[in-house]
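What follows is calculated from the coordinates using simple rules that are stated; it is not laboratory data. Predicted model, so just to flag it, every value in this text is computed and none were measured. Here Cβ is always computed from backbone atoms with ideal geometry, including for glycine, and neighbour counts include all displayed protein chains.
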Amino acid sequence: MTQILIQLNGEPYYCNTETTMIALLKNLELSPSTHKIAVECNQTLLPKSDYETYIIRPNDIIEILHFVGGG
């Protein structure tokens, strides 16, 4: 499978073509159902409902934000 280069949290990252956002998250061992995360793609917040269908493109800039509670 062909690889594409994206930027993930400020670092170069290679993934396969036709990779969905949910597949990327699973590869990173992050699950939207168990981790409090938000995904920004090209400076736009990606709705969780789009994780299954969004196909990552070459040069996408992806930021995964982790929410941490505190007190």
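What the table shows:
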item	result
In order through segment 53-66: 3J(HN,Hα) via Karplus (6.51 cos²θ - 1.76 cosθ + 1.60), integer Hz, x for Gly, Pro	10, 6, 9, 5, 10, x, 6, 4, 10, 10, 10, 9, 9, 9
Net +/- balance of residues flanking ILE61 in space, Cβ distance below 14 Å, scoring K and R +1, D and E -1	-3
Qualifying trypsin sites (Lys or Arg not before Pro) for segment 1-48 [loop in DSSP, other Cβ within 10 Å: at most 14]	LYS36
Options (1) 1.09; (2) 1.39; (3) 1.46 - which one matches Cα Rg over 2.2 N^0.38 Å as calculated here	(1)
Lys, Arg +1 and Asp, Glu -1 on Cβ, resulting dipole of the chain about Cα centre, debye, nearest 20	120
